[in-house]
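Comments concern the structure below.
The values are calculated or read from the model by the stated rules, or taken from the named source; none is laboratory data. For clarity, every value in this text was computed on a predicted model and none was experimentally measured. FYI the Cβ positions are ideal-geometry reconstructions off the backbone, even for glycines, and counts take in every protein chain you see. Surface accessibility is based on the protein's heavy atoms, side chains included, excluding ligands, DNA and RNA. Shrake-Rupley method; radii C 1.70, N 1.55, O 1.52, S 1.80 Å.
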Amino acid sequence: MNEATRTALSGWSGFYVILGSASGALIGLMFVAVTLVASMRRDPNSRGSLAAFGTPTIVQLVAPLVLAALLSTPWPRLDELAILLEVLGLAGVIYASRGTWLARIQTSHQTELSDWIWFHVAPLAGYAALPVAAFELRKHLETGLFVIAAVTLALMLVAIRNAWDTATYVAVWRDQA
């Protein structure tokens, strides 16, 4: 990797330290929240909604953590990073598609339009943008780095929104139980 590429990547280190740290902290909070909710009396069908909404939110928080680690690694060649971004994007698309299918078949939650957009369409778009970002990274380094940063931040913000939506839903659901 040439010095200009190394310098361009190192300019993003603070951004990825902040996002990776925030992502890790939020993952921990989600585990605490799920542990607290586990003691509640639940609908026996609630496992379907957890698989369709809760677990994908954790994955959406893990994605920025993984991206932060990948973008902070001193790669010998840029192509190796690009290949991993493509694989991560493809895996994310497959996982998000599976979450959409699980949301369609679960019976414990009446899915609204906003659920489809935020829990399924937005993450799918983010994951699908990663291979595009990897391609751009190979052709135009600076533009590719900005696209990757935008995708990473978008996945984090969508996950935060979804975690909040889930927490408020559970709080209301708990009061009604």
Subset tally (residues that are open to solvent by less than 70 Å² (accessible area, probe 1.4 Å) and of a type outside the set (F, W, Y)) for segment 107-120:
6
Those residues that are open to solvent by 40 Å² or more (accessible area, probe 1.4 Å) and β-branched (V, I, T), I need them from segment 147-162; list them, please.
V147, I160
So how many residues does segment 121-146 have that are open to solvent by 40 Å² or more (accessible area, probe 1.4 Å) and within 18 Å of L61 (Cα to Cα)?
4
Kindly indicate whether any position in segment 25-34 is closer than 25 Å to L61 by Cα, modelled with pLDDT of 80 or more, surrounded by 11 or more Cβ atoms within 10 Å (Cβ to Cβ) and touching a helix residue (DSSP H, G or I) at 6+ places or on another chain (Cβ under 8 Å).
yes
When residues of segment 85-106 are filtered for being under 21 Å from K139 (Cβ atoms) and either among the polar types (S, T, N, Q) or buried (at least 18 other Cβ atoms within 10 Å of the Cβ) (or both), how many remain?
3
